[in-house]
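Peer 1: This is the structure, below, for whatever I ask next.
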Amino acid sequence: MSLNARATGRPGVVWAVPALLFFGIFALLPMVIVVALSFTDWSGIGSPTFNGLDNWAHLADDSQLLPSFRLTLLLSVASWVVQTAVALPLGVWAAAAGRSRATLSAIFFVPLLMSSAAIAILWGLLLDPNFGLASVLGPLVGVPDGNFIGNPDLAIWVCIAVISWQFVPFHVLLYQGATRRIPDSLYEAARLDGATKVQRFRNITVPQLRNTIITSSVLMLVGSLTYFEIILILTGGGPGTATTVLPLHMYLEGFSSFDMGYASVIATLLLVLGTGLSVFVTRVTGYNRMDSQLEGL
């Protein structure tokens, strides 16, 4: 038997071994370590010492936990609404042929190529109330001093806008690729029936993008539980604690208060929350059945 014949006869699990090893070393192992650290007292230096459930009991005394959770929930929902509302129509538009569309699409994708630190510094300069663009736009939109990130009521919305600006291009790319897979015959039949562009978008494009919308939504919602770099650099969690979301609270507990044990507790909560959110979305939407959108064509 030839080598190729023997190779094709191998069980599928053999081909998955490299991916499983990678996932185990860089995903499962860190998760296990974080859960283990949540039962220890460790400052980040020296050896951790087991302290039982003391760190978990501290959750009841943490006055910042519930406010941070509420801010995280607001960030997740608002980011999903903003990014989906922008990325879906933009991705459908970018999927059509045209030199101008290709050029503009390339420009739209620039934020995707930048690091979170660079984006936070860039927007920090733009939003500087003294010499940034905010000093000019502020009075025009009802913020006389132009201090958007220094306003407790506006700071979290500024963070949501900057985060959305960074990640919209990625989801535009998802929708662009999925839209190009929709058969032209569906649109041609709709045009012959007299359907308008809005009707074709609502009755053909959106249903055909159902699985992509669910995938994009899961990535947005679960990914929002890890956002903290932009907020850390842009506002530092302030003013006060107005932008201290749960991931940033975890970071500050670990690297400012040097309480790695309690930070691991928050990290474990985020892990459970992210996993539960992902399972909930896939089950509620029926995405776990993976029905083909092209069936019958």
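Peer 1: Treating the beta-carbon of each Lys and Arg as +1 and of each Asp and Glu as -1, no other charges, what is the dipole magnitude of region 65-289 about its Cα centre, to the nearest 20 debye? Write down the numbers at each step before the final one.
Peer 2: Working: 12 positive and 9 negative charges, 225 e Å.
Using Cβ point charges on Lys, Arg, Asp and Glu, region 65-289 gives about 1080 debye.
Peer 1: Report the extension gain between Leu29 and Asn130 in nm, rounded to one decimal, defined as 0.36 nm multiplied by the number of residues separating them, less their alpha carbon distance. Walk me through the intermediate numbers first.
Peer 2: Working: separation 101, 0.36 × 101 = 36.36 nm, distance 4.70 nm.
That works out to 31.7 nm of additional length.
Peer 1: Could you check which residue among Phe26, Phe69, Phe258 shows the biggest mean-square fluctuation in a GNM of the chain with a 10 Å Cα cutoff?
Peer 2: In this elastic network of the chain, the residue with the biggest mean-square fluctuation among Phe26, Phe69, Phe258 is Phe26.
Peer 1: So which helices of the chain fit the span-like rule, where a helix is a whole DSSP H run, its Cα atoms reach 27 Å or more along the axis, and its mean Kyte-Doolittle is at least 0.0? Before the final figure, lay out each step's value.
Peer 2: Numbers: long enough: 65-95 (43 Å, 1.48); 155-180 (38 Å, 1.16); 260-285 (37 Å, 1.59).
For the chain, where a helix must reach 27 Å along its axis and average at least 0.0, the hits are 65-95, 155-180, 260-285.
Peer 1: May I have the extent of the alpha carbons of region 179-297 along their three principal axes, as whole Å values ordered from largest to smallest?
Peer 2: 66, 31, 19
Peer 1: OK, next. Among Ser264, Ser185, which comes first, second and so on when ranked by fewest other beta-carbon atoms within 10 Å?
Peer 2: Placing the least packed residue first, the sequence is Ser185, Ser264.
Peer 1: If you take all C-alpha pairs in region 79-171, what percent of them are over 23 Å apart?
Peer 2: Working: 1561 of 4278 pairs.
Counting pairs separated by more than 23 Å, the tail of P(r) holds 36 percent.
Peer 1: Just for the Cα atoms in region 1-157, what are the lengths along the principal axes, largest first, rounded to whole Å?
Peer 2: Here the Cα extents, ordered largest to smallest, are 75, 60, 27 Å.
Peer 1: Compute a Gaussian network model of the chain, connecting alpha carbons closer than 10 Å, and tell me which residue from Gly91, Gly24, Gly52 fluctuates the most.
Peer 2: Gly24
Peer 1: I'd like the Kirkwood hydrodynamic radius of the chain, using the inverse of the mean 1/r over distinct C-alpha pairs, in Å.
Peer 2: On the way: mean 1/r = 0.0445 Å⁻¹.
That comes to 22.5 Å for the chain.
Peer 1: Additional query: Run lengths n ≥ 4 of DSSP H only: what is the helix-derived mean residue ellipticity at 222 nm for the chain, with -39500 (n - 2.57) per run over all residues, to the nearest 500? Spell out each step's value before the answer.
Peer 2: On the way: 16 runs with 186 residues, N = 297.
Value at 222 nm, helices only, nearest 500: -19500 deg cm²/dmol.
Peer 1: Inverting the mean 1/r over all pairs of different Cα atoms, compute the Kirkwood radius of region 22-102 and quote it in Å.
Peer 2: Numbers: mean 1/r = 0.0576 Å⁻¹.
The Cα-based Kirkwood calculation yields 17.4 Å.
Peer 1: Let me ask something else. At a Förster radius of 22 Å, what calculated FRET efficiency corresponds to the Cβ-Cβ distance of Trp15 and Arg180, to the nearest 0.05? Could you put the intermediate results ahead of the total?
Peer 2: Details: r = 28 Å, r/R0 = 1.28.
Once the sixth-power term is evaluated, E becomes 0.20.
Read-outs throughout are calculated quantities, based only on the coordinates presented, and are distinct from any laboratory measurement. For clarity, every value in this text was computed on a predicted model and none was experimentally measured. In this analysis, Cβ positions are derived from the backbone assuming ideal geometry, glycine residues included, and neighbour counts consider all displayed protein chains.
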